[in-house]
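Visitor: Before anything else, here's the structure in question.
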Amino acid sequence: MGFDTAYEAISEEEEEDPGHRWAYGTGFTDPLAGVDTSVPDGVDGADLATYCLMLGDDALIMSHRLQQWLARAPELEEETALANIALDLLGQARLLLSRAGAADGTGRGEDDYAFGRPEREFRNVRLAEIADADFAGLVARLLVFSTWRLALLARLRDLRDPVLAAVAAKGVSEITYHRDYAAQWAIRLAGGTEYSRGRMQAALAAVAPLCAELFTATGAERRLAAAGVAADPAALRPEFDAVIGQVMSAAGMTWPDRPGLAGVAGQAGRDGVHTEAMGYLLAELQSVARAHPGATW
Amino acid sequence: MTAATREAEPLAQDFEDLVAHDRRIEPRDWMPEAYRKTMIRQIAQHAHSEIIGMQPEGNWVTRAPSLRRKAILLAKIQDEAGHGLYLYSAAETLGADRADLTSRLISGAQKYSSIFNYPTLTFADVGVIGWLVDGAAICNQVPLCRSSYGPYARAMIRICKEESFHQRQGYELLMTMMRGTDAQQEMVQDATSRWWWPSLMMFGPPDADSPNTAQSMRWRIKRHTNDELRQRFVDMSVPQAEALGVTLPDPLLRWDDDRGHYDFGQPDWDEFKQVISGHGPCNAERIANRRAAHENGGWVREAAAAYAARQAAAAGQTVAGQAAAGGQAAAGGQAAAGGQEATAGTGGTA
Amino acid sequence: MSGDASGDASGRVSENVSGGGQPRSQWPLFEVFLRGKRGLNHVHVGSLHAADATMALHHARDLYTRRNEGVSIWVVRAADITASSPEEKDPFFAPSGDKVYRHPTFYDIPDSVPHI
């Protein structure tokens, strides 16, 4: 047996479809090619588009913060893990942003949304945009984000919009992995050294105030939940609390008792009112695209 | 010394025979010390190159001007981390320790490919790196798939498969840009002019200035000379440049019918010496970033190791407890006491 | 502590580098075996470092399968592998089986060895 047939055995499936080995959406230009993108009956297209932007922006901005960890991770194996997570979330963002353009009738593409919108039109929760103080900060943020998003996607799988359902079905297995990764690290850091425990505690304290926003429904979400295509975020809280409780218990830590971060005149990320970090983040994300308006890449 | 040499002679002959017949040397084979050390150094420096190479490309992920390009670049960088890991893994089969190799990279005792000491200044650089730098790497690496050392050859096969994707994607980005706006086309031409000569330098100094090539060729560590590979790369790249519509910055470049190859000018070997001796545009920054990541990550690695040790100790105690409960208390107790005695006995030594 | 990380003339790194001791990986080495398809057997594909077996499995899935869910993965600590290779005629190996690598510890490489 030649010494390269072992690899052929493992990579055969990959070779048949080279696009398959990349995260969904990197192999072709139109992520929604061949998918029926019509709006379900009784659903307002503008609301559905807004909802897709909410979930898409969460993933896009979270992925951006993960990308900033490239070449800075604490060990090389973590580089591949974090890049994997960033790529998964970017793939979800692409599908969701594409779907928004199909739903609101404007026909805008994923790049129009990612690079063409001003900050006030981004609808991610503030949790996604804050910078991580250190690796513990990343772990805490990823734990909260993944636990919440998994609860959300698990419900979307069974709801009426076929595109959201398909995105959710694929996303569930990805986010399960992300949540598991974050939970394992939270437990390791909590039970590692005195220093790592301290860092993990500080990280939880930084992230806890940003949780309330995750379960606060907007008008669009309430209408869509009533129409059977969205999940009411408030309904996710019990599952979130249960899972976080399990992780805290395994880690021997207590979830910090912190008040939720207030909005501005009652508005926060879902309404396009972000933290000061968001401006810098978008300047970086959009700079090259905006320097070449109308260019194809 | 003499006895060891006499024992080594048939082993040395076996080694030379394996190599001469193009068979693979595997981790447990006897091998000359110089072969082992050369192999460790070559594999480690290759691994370091993959890891350092993440930086110039990582420079543009957050600013990629389309989500598709962002995803492609992110996947590529992830691959590079993976390649570095496969290679460190191969080096470790020879007895190297990865933390030690990392410290040698950071101290400058071990090198990485000099190409990564150049800055990536525009998004077009991402495409040109895929086209020229990965192209040069492939020229170097395909022969290494037949390197005499088994784990290295196998790692190279896996790497070469993935690298060919990268080159194609880089080239495709450039093709798209060359069909785009004037600004995009100028960006591609500018990037090409900056990366062409450093890409030629990736093959190392001219053969006349490479005294160690002969031994490495005999041991099938190296299968082609620097100049042979450089010529192959030029012959491959010139038609690709023509297809793109960019001009390569070499006035001496022309097809030679007699030789059946392209004639080309020599890179600035003085700049090459500057760059490999630490004075290139980005050397300090690349190493500083690698050092920072490694040092800032120390508490994380330590925490994981401490947690694992605690879990293992708890599991060990559970097993001993179960054994005791099962009526094997005597054996468990003796083992524990024996362990403690052994520790006490050696406690005095440094 | 950043320490003084410049090597001395022989290329050996000074002891002050990151952590104060000889630089050694704190995470042990694991060997990775994959079975890509039913009907085939597990094949050795390489190694990685991880703090424990659970982490090793995660890393193996990221690194060696690119998250292909269908692949079966085994991870084994390198130190737990006993190896015997009759073709490798080395008198220094225990004939009844030995460690999988000859030198599983820190290895010294003098600077005088030229790089290719």
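Visitor: Return the total of residues in region A:87-110 being among the acidic types (Asp, Glu), under 22 Å from A:Val39 (Cα atoms) and crowded, with 21+ Cβ neighbours inside 10 Å.
Guide: Just the residues of region A:87-110 that are among the acidic types (Asp, Glu), to begin with: A:88, A:104, A:110.
Restricting the remaining residues to those that are under 22 Å from A:Val39 (Cα atoms) gives A:104, A:110.
Remaining after also requiring crowded, with 21+ Cβ neighbours inside 10 Å: A:110.
Counting residues in region A:87-110 that are among the acidic types (Asp, Glu), under 22 Å from A:Val39 (Cα atoms) and crowded, with 21+ Cβ neighbours inside 10 Å gives 1.
Visitor: Right, next: Could you tell me which of the residues A:Val144, A:Val172, A:Val125 is under 12 Å from the mean Cα position of the chain (by Cα), surrounded by fewer than 20 Cβ atoms within 10 Å (Cβ to Cβ) and in contact (Cβ under 8 Å) with a residue 12 or more places away in the chain? Before you say what the answer is, go through the steps one by one.
Guide: Working: A:Val144 fails: surrounded by fewer than 20 Cβ atoms within 10 Å (Cβ to Cβ); A:Val125 fails: surrounded by fewer than 20 Cβ atoms within 10 Å (Cβ to Cβ).
On inspection, the qualifying residue turns out to be A:Val172.
Visitor: Output the residues belonging to region A:243-259 that are of a type outside the set (Val, Ile, Thr) and at pLDDT 95 or above. Show your work before the answer.
Guide: We begin by selecting, within region A:243-259, every residue of a type outside the set (Val, Ile, Thr); these are A:245-246, A:248-253, A:255-259.
Within region A:243-259, A:Gly245, A:Gln246, A:Met248, A:Ser249, A:Ala250, A:Ala251, A:Gly252, A:Met253, A:Trp255, A:Pro256 qualify.
Visitor: May I pose another question? Looking at the structure I just gave you, is B:Arg28 more than 24 Å from A:Phe115 (Cα to Cα) and in contact with a strand residue (DSSP E or B) (Cβ under 7 Å, 6 or more places away or on another chain)?
Guide: Numbers: more than 24 Å from A:Phe115 (Cα to Cα): yes; in contact with a strand residue (DSSP E or B) (Cβ under 7 Å, 6 or more places away or on another chain): yes.
For B:Arg28, the condition - more than 24 Å from A:Phe115 (Cα to Cα) and in contact with a strand residue (DSSP E or B) (Cβ under 7 Å, 6 or more places away or on another chain) - is met.
Visitor: Tell me the residue from B:Gln231, B:Gln189, B:Gln185 that is surrounded by 15 or more Cβ atoms within 10 Å (Cβ to Cβ), away from chain C (no Cβ under 14 Å) and within 25 Å of the chain's Cα centre (by Cα), please. Walk me through how you get there before you give the answer.
Guide: Working: B:Gln189 fails: within 25 Å of the chain's Cα centre (by Cα); B:Gln185 fails: within 25 Å of the chain's Cα centre (by Cα).
B:Gln231 is the lone residue from the list that is surrounded by 15 or more Cβ atoms within 10 Å (Cβ to Cβ), away from chain C (no Cβ under 14 Å) and within 25 Å of the chain's Cα centre (by Cα).
Visitor: For region B:166-184, name all the residues that are small (Gly, Ala, Ser) and part of a helix (DSSP H, G or I). Write out each step before concluding.
Guide: Keep residues of region B:166-184 that are small (Gly, Ala, Ser), which gives B:170, B:180, B:183.
The answer is B:Gly170, B:Ala183.
Matching residues to (1) among the polar types (S, T, N, Q); (2) modelled with pLDDT under 90:
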position	(1), (2)
B:Lys76	no, no
B:Thr102	yes, no
B:Leu105	no, no
B:Asn117	yes, no
B:Ala124	no, no
B:Ser148	yes, yes
B:Ile159	no, no
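Visitor: Moving to a separate point now. Return the total of residues in region A:241-285 being part of a helix (DSSP H, G or I), among the hydroxyl-bearing types (Ser, Thr, Tyr) and more than 30 Å from B:Arg310 (Cα to Cα).
Guide: So the first thing to find is which residues in region A:241-285 are part of a helix (DSSP H, G or I), and the list is A:241-251, A:269-271, A:277-285.
From what's left, among the hydroxyl-bearing types (Ser, Thr, Tyr): A:249, A:280.
From what's left, more than 30 Å from B:Arg310 (Cα to Cα): A:280.
Total satisfying the criteria: 1.
Visitor: Assuming A:Glu16 fulfils every condition listed in (1) under 30 Å from B:Tyr88 (Cα atoms); (2) buried (at least 19 other Cβ atoms within 10 Å of the Cβ); (3) at pLDDT below 95 apart from one, which condition is it?
Guide: Only one criterion in (1) under 30 Å from B:Tyr88 (Cα atoms); (2) buried (at least 19 other Cβ atoms within 10 Å of the Cβ); (3) at pLDDT below 95 is unmet by A:Glu16, namely (2).
Visitor: May I ask you to verify whether A:Arg149 is over 28 Å from A:Gly34 (Cα atoms) and assigned to a helix (DSSP H, G or I)? Full working, then the answer.
Guide: Details: over 28 Å from A:Gly34 (Cα atoms): no; assigned to a helix (DSSP H, G or I): yes.
In short, no.
Visitor: Being within 7 Å of another protein chain (Cβ to nearest Cβ) and either touching a Phe, Trp or Tyr at 6+ places or on another chain (Cβ under 9 Å) or without any contact (Cβ under 8 Å) to a residue 12 or more places away in the chain (or both) is the filter here; which residues of region B:65-81 pass it?
Guide: Quick first cut of region B:65-81, residues within 7 Å of another protein chain (Cβ to nearest Cβ) only: B:65-72, B:74-75, B:77-78, B:81.
Within region B:65-81, B:Pro65, B:Ser66, B:Leu67, B:Arg68, B:Arg69, B:Lys70, B:Ala71, B:Ile72, B:Ala75, B:Gln78 meet the criteria.
Visitor: Further question: Exactly one of these conditions fails for B:Leu94: (1) touching a strand residue (DSSP E or B) at 6+ places or on another chain (Cβ under 9 Å); (2) assigned to a helix (DSSP H, G or I). Give me its number.
Guide: Among (1) touching a strand residue (DSSP E or B) at 6+ places or on another chain (Cβ under 9 Å); (2) assigned to a helix (DSSP H, G or I), the lone unmet condition for B:Leu94 is (2).
Visitor: Scan (1) more than 8 Å from chain B (Cβ to nearest Cβ); (2) of a type in the set (A, V, I, L, M); (3) in contact with a Ser or Thr (Cβ under 7 Å, 6 or more places away or on another chain) for the single condition A:Ile61 breaks and write down its number.
Guide: (3)
Visitor: Out of the residues in region B:208-227 that are under 24 Å from B:Phe264 (Cβ atoms) and surrounded by 14 or more Cβ atoms within 10 Å (Cβ to Cβ), state the one that is nearest to the other protein chains (Cβ to nearest Cβ). Break it down stepwise before answering.
Guide: In the first step, residues of region B:208-227 are kept if they are under 24 Å from B:Phe264 (Cβ atoms); the result is B:208-211, B:213, B:217, B:222-227.
Among the residues that remain, those that are also surrounded by 14 or more Cβ atoms within 10 Å (Cβ to Cβ) are: B:210, B:213, B:222-227.
Values: B:Ser210: 8, B:Thr213: 8, B:Lys222: 6, B:Arg223: 11, B:His224: 12, B:Thr225: 11, B:Asn226: 9, B:Asp227: 14 Å.
Top of the filtered list is B:Lys222.
Visitor: Separate question: Keeping to region B:243-290, report how many residues are among the polar types (S, T, N, Q) and out of contact with any helix residue (DSSP H, G or I) (no Cβ under 8 Å at 6 or more places or on another chain).
Guide: Taking region B:243-290 first, the residues among the polar types (S, T, N, Q) are B:247, B:266, B:274, B:277, B:283, B:289.
Filter once more, keeping what is out of contact with any helix residue (DSSP H, G or I) (no Cβ under 8 Å at 6 or more places or on another chain): B:266, B:274, B:277.
So the answer is 3.
Visitor: Looking only at region A:182-232, how many residues end up being away from chain B (no Cβ under 14 Å), closer than 24 Å to A:Ala86 by Cβ and not aliphatic (A, V, I, L, M)?
Guide: 2
Visitor: Output the residue which, of all residues in region C:32-54 that are outside any loop (DSSP other than H, G, I, E, B), within 23 Å of B:Ala304 (Cα to Cα) and within 7 Å of another protein chain (Cβ to nearest Cβ), is farthest from the chain's Cα centre (by Cα).
Guide: Only one residue fits best here, namely C:Thr54.
Visitor: Okay, moving on. Restricting the search to region A:264-276, which residues are at negative phi and free of Cβ contacts under 8 Å to residues at least 40 places away in the same chain? Give the steps one after another, and end with the answer.
Guide: Here is the first cut: in region A:264-276, the ones at negative phi are A:264, A:267-271, A:273-276.
A:Val264, A:Gln267, A:Glu276, listed by residue number.
The values are calculated or read from the model by the stated rules, or taken from the named source; none is laboratory data. The structure displayed is predicted, hence computed values, not measured ones. No Cβ is skipped: glycine too gets one built from the backbone with ideal geometry, and neighbour counts run over all protein chains shown.
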